[in-house]
Number of protein chains: 2
Amino acid sequence: MSQIHGALQVLHSRGYRVTEPRKRVLKVLTEVQSPVSPYDIQEILHRKGEYLNHVTIYRVLELLCSLNLAHKVLLVGGFVKCTLGEGGGCHRFVVCRQCGAIREYADKALCEEENAIAQEFGFRAEQHFSEFSGICSECMASAMF
Amino acid sequence: MSQIHGALQVLHSRGYRVTEPRKRVLKVLTEVQSPVSPYDIQEILHRKGEYLNHVTIYRVLELLCSLNLAHKVLLVGGFVKCTLGEGGGCHRFVVCRQCGAIREYADKALCEEENAIAQEFGFRAEQHFSEFSGICSECMASAMF
DNA sequence: CTTTCTGCAAAAGGTTTGCAGTTAG
DNA sequence: CTAACTGCAAACCTTTTGCAGAAAG
């Protein structure tokens, strides 16, 4: 519960209500660690004997993403809880293609390099999406049978 | 037609057949310049009086992507024809959020920096997805009314 | 000719919408 | 209390599958 406390405060401070569905979705996101789809979340809750309508889950995720409390990982089409604070550049991901393990990071230097490249093309970059897929150390180890 | 000639050669040299549907999809991709969905492609062909089943378009796009002749742009969920050759790092995109204009580029230095970051997390990065959304010079100009 | 490819029909999945009833504050 | 939120039903859009017929080489 303490893990989601910060997020609940953000909800409250922005004038959104702290409801049971929102708490449940946040709880699942903090527990799973890897990207999950709305239906994954419903399934996980189901196994705990809890229930949420899928539409509600969609709407909660949309809200969380709009507040930067969660992110959609485009590469795998799932959602993760944001593990970073504000500032220091765009949030980026490394995803293990085998087990789905994910790490979030930010790197201001990368953002600046990318902005420079965009400028060469006459673009003003606003938002960077950067994900790379690879293989994590655990899966690497278990692959060398 | 000359624009798609190279792509057709790749198809042929890899043992795939050069068919009418494949030529049509490639032609649309070279003409539109911005990311299009399978149904967008069907619609564009329809306006020319041509027809392709949507399933065929899905399959053609899947093939083209597997051969790196096209890419799926995750940010907008559409497909573009690849405008780069092989080598020099992963293919990356800048997309205008207003008009959909897109530029593809590759930057080996960025790839290496990202690989180093992945390594810190114990990951071996294999594929980089990097897209940034921004605003292109034309839209920027027309925005300053 | 034969293998690959396309079209069709249908199903399966994912996402969105409007509205009535519920609940947080 | 009342504005914000959730659940439900239904629609909608996207993607996939299996199979029979067409076409490339």
Q: Just one of (1) closer than 29 Å to B:GLY134 by Cα; (2) more than 14 Å from chain A (Cβ to nearest Cβ); (3) within 16 Å of DNA strand C (Cβ to nearest atom) trips up B:GLY77, so point out which.
A: (2)
Q. Of all residues in the range B:111-145, which are at the interface with chain A (Cβ under 8 Å from one of its Cβ atoms), under 20 Å from A:ALA116 (Cβ atoms) and touching a strand residue (DSSP E or B) at 6+ places or on another chain (Cβ under 7 Å)?
A. B:GLU114, B:ILE117, B:HIS128, B:PHE129, B:SER130, B:GLU131, B:PHE132, B:SER133, B:GLY134, B:ILE135, B:CYS136, B:MET140
Q: Give the residue, chosen from B:VAL80, B:VAL60, B:VAL76, that is β-branched (Val, Ile, Thr), within 18 Å of B:PRO35 (Cβ to Cβ) and in contact with a Phe, Trp or Tyr (Cβ under 9 Å, 6 or more places away or on another chain).
A: B:VAL80
Q: Just give me the residues in the range B:130-145 being out of contact with any Ser or Thr (no Cβ under 7 Å at 6 or more places or on another chain) and within 30 Å of A:CYS96 (Cβ to Cβ), in sequence order.
A: B:GLU131, B:PHE132, B:SER133, B:GLY134
**Q.** Boolean, A:LYS23 is within 14 Å of DNA strand C (Cβ to nearest atom) and within 13 Å of chain B (Cβ to nearest Cβ)
**A.** no
Q: Among the numbered conditions (1) modelled with pLDDT of 95 or more; (2) in contact with a helix residue (DSSP H, G or I) (Cβ under 6 Å, 6 or more places away or on another chain); (3) closer than 13 Å to B:GLN33 by Cβ, tell me where B:CYS99 comes up short.
A: (1)
Q: Read through the list (1) within 18 Å of A:PHE129 (Cβ to Cβ); (2) over 11 Å from the mean Cα position of the chain (by Cα), then give the number of the only condition that A:VAL25 fails.
A: (1)
Q: Take the residues in the range A:38-57 that are surrounded by fewer than 16 Cβ atoms within 10 Å (Cβ to Cβ) and closer than 28 Å to A:GLN98 by Cβ, then tell me which one is nearest to DNA strand D (Cβ to nearest atom).
A: A:HIS54
**Q.** Among (1) in contact with a Leu (Cβ under 8 Å, 6 or more places away or on another chain); (2) hydrophobic (A, V, I, L, M, F, W, C); (3) buried (at least 16 other Cβ atoms within 10 Å of the Cβ), the one test that B:VAL18 misses
**A.** (3)
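The values are calculated or read from the model by the stated rules, or taken from the named source; none is laboratory data. Note that the coordinates shown come from a computational prediction; the quantities given were computed from them, not determined experimentally. Cβ: placed from backbone, ideal geometry, glycine included. Neighbour counts: every protein chain shown.
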